[in-house]
Amino acid sequence: MDSLAAVDWAAYEQQALSAISGDALEDARVKYLGRKSELAQALRGVRDKESGMLLNGVKARLEAAVTAREHQLELAARRAAADSGVDVTIPGTPVTRGRLHLLTQIRREIEDIFLGMGYEVWDGPEVVTVWENFDALNTDQGHPSRSKLDTFYLDDDTLLRTQTSPDQIKAMLTRTPPIYMVSPGRVYRRDTPDATHSPTFQQVECLAVDRGITLADLRGTVQQYFRQLFGPDRDVRMRTSFFPFTEPSVEFDVTCFLCDGRGCAVCKHSGWIEMGGAGWVDPDVFRTVGLDPDDWQGFAFGFGIERIAMLRHGLPDLRAFWENDVRILGQF
């Protein structure tokens with residue numbers, strides 16, 4: 001994009017390194033690496049692989065420089081304290097520090113994974129129209145998800161989104177392909193809270209629209225995603241399924257990261273853990289947003305963020321994320 005190309009990132013990096021050489025390290029870190037920095041904003045707007053690799057390289061070098069400078073300042077402080085006769089080995093008064101919620105940590109980790117693959121992070125509204133949530137996604141009029149027993153309607157035309165897929169519709173309506181976007185966010189369904197269900201939870205959905213895309217690209221993207229989350233030895237498998245907005249539709253399983261596929265109680269002795277649905281974007285969805293399915297192909301998938309957190313950290317109850325028990329949240 002124009003704003004990305006207009007920045008001289010080599011000069012930006014040199015300016016940052018010059019600032020990092022000073023003692024005001026935290027101010028420099030926030031200015032050049034913080035979530036509102038020019039670099040962070042550019043990463044969020046990346047739409048191609050080359051730009052993603054360039055910016056992630058700049059980010060990695062700056063983070064390494066900050067770490068190195070921290071070590072230098074710490075060593076200098078210790079030497080100064082030793083010269084003054086202060087015993088730095090005496091324990092000080094402990095200060096309790098806050099931390100990001102586990103779901104926020106995982107959401108940001110997911111965003112970083114996709115930014116590294118050249119995707120754009122899309123943050124859409126939680127209140128959407130019936131057309132965006134159901135009609136444009138090829139959902140039948142009689143589908144159970146449309147029922148007021150399952151969905152929070154604000155009026156006859158608007159509702160609290162039941163999935164983050166409306167962001168994909170908005171992206172295809174407002175952007176010219178190729179489109180590579182990922183959409184994490186909160187969704188709502190009329191569920192009774194229990195160990196595995198909640199009326200509000202978080203999803204992350206991915207959409208890729210381009211020419212020449214195949215199901216192999218879908219499998220490779222999901223495999224890279226799971227290996228980043230669960231370890232480099234993970235493998236994935238696809239099983240046929242059905243979803244209104246994809247054809248063909250598949251579900252993905254990942255090899256169990258506790259037993260390495262040998263079979264255990266977590267994977268129900270199958271060696272595989274079910275993660276979520278995916279598929280080839282249905283041609284009717286492309287036609288609805290004004291794209292010719294003969295020219296464009298694409299895939300989409302969606303997975304629950306809470307489910308990822310539960311599986312990776314062995315939490316048995318979904319409600320633990322929202323009960324604010326510091327004995328649990330403090331472990332992360």
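Listed here are the residues, each with its yes/no results for (1) closer than 18 Å to GLY34 by Cα; (2) outside the structural domain of LYS59 (by TED's automatic domain parsing); (3) not in a loop (DSSP other than H, G, I, E, B).
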site: THR93; (1), (2), (3): no, yes, no
site: ILE110; (1), (2), (3): yes, yes, yes
site: ASP123; (1), (2), (3): no, yes, no
site: VAL128; (1), (2), (3): no, yes, yes
site: TRP131; (1), (2), (3): no, yes, yes
site: ALA136; (1), (2), (3): no, yes, yes
site: LEU149; (1), (2), (3): no, yes, no
Next item on the list: Taking ARG234 as the residue in question, decide whether it is touching a helix residue (DSSP H, G or I) at 6+ places or on another chain (Cβ under 9 Å) and not hydrophobic (A, V, I, L, M, F, W, C).
Entry: yes
Next item on the list: Note down all Cβ pairs under 9 Å where the first residue falls in the range 91-104 and is more than 14 Å from ALA320 (Cα to Cα) and without any contact (Cβ under 8 Å) to a residue 24 or more places away in the chain, the second is surrounded by 10 or more Cβ atoms within 10 Å (Cβ to Cβ) and of a type outside the set (Gly, Ala, Ser), and they're at least six residues apart or on different chains.
Entry: LEU100/ARG108; LEU100/PHE332
Next item on the list: Taking only the range 149-193 into account, find how many residues are closer than 22 Å to GLY277 by Cα and either touching a residue at least 12 places away in the same chain (Cβ under 8 Å) or small (Gly, Ala, Ser) (or both).
Entry: 27
Note to self: Looking only at residues that are of a type in the set (A, V, I, L, M) and at pLDDT below 85 in the range 281-317, which one is surrounded by the most Cβ atoms within 10 Å (Cβ to Cβ)?
What the structure shows: LEU311
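In the list ARG44, ARG69, ARG61, which residue meets the criterion of being in contact (Cβ under 8 Å) with a residue 40 or more places away in the chain and closer than 21 Å to TYR180 by Cα? Reasoning before the result, please.
On the way: ARG69 fails: closer than 21 Å to TYR180 by Cα; ARG61 fails: closer than 21 Å to TYR180 by Cα.
Matching residue, one of ARG44, ARG69, ARG61: ARG44.
Being in a loop (DSSP other than H, G, I, E, B) and either β-branched (Val, Ile, Thr) or in contact (Cβ under 8 Å) with a residue 12 or more places away in the chain (or both) is the filter here; which residues of the range 227-257 pass it?
Result: GLY231, ASP233, ARG234, ASP235, PRO244, PHE245, CYS256, PHE257.
The values are calculated or read from the model by the stated rules, or taken from the named source; none is laboratory data. Treat the numbers as computed from the prediction; the structure is a model and nothing was measured. Methodologically, a virtual Cβ is constructed for each residue, glycine included, from the backbone with ideal geometry; neighbour enumeration extends over all protein chains shown.
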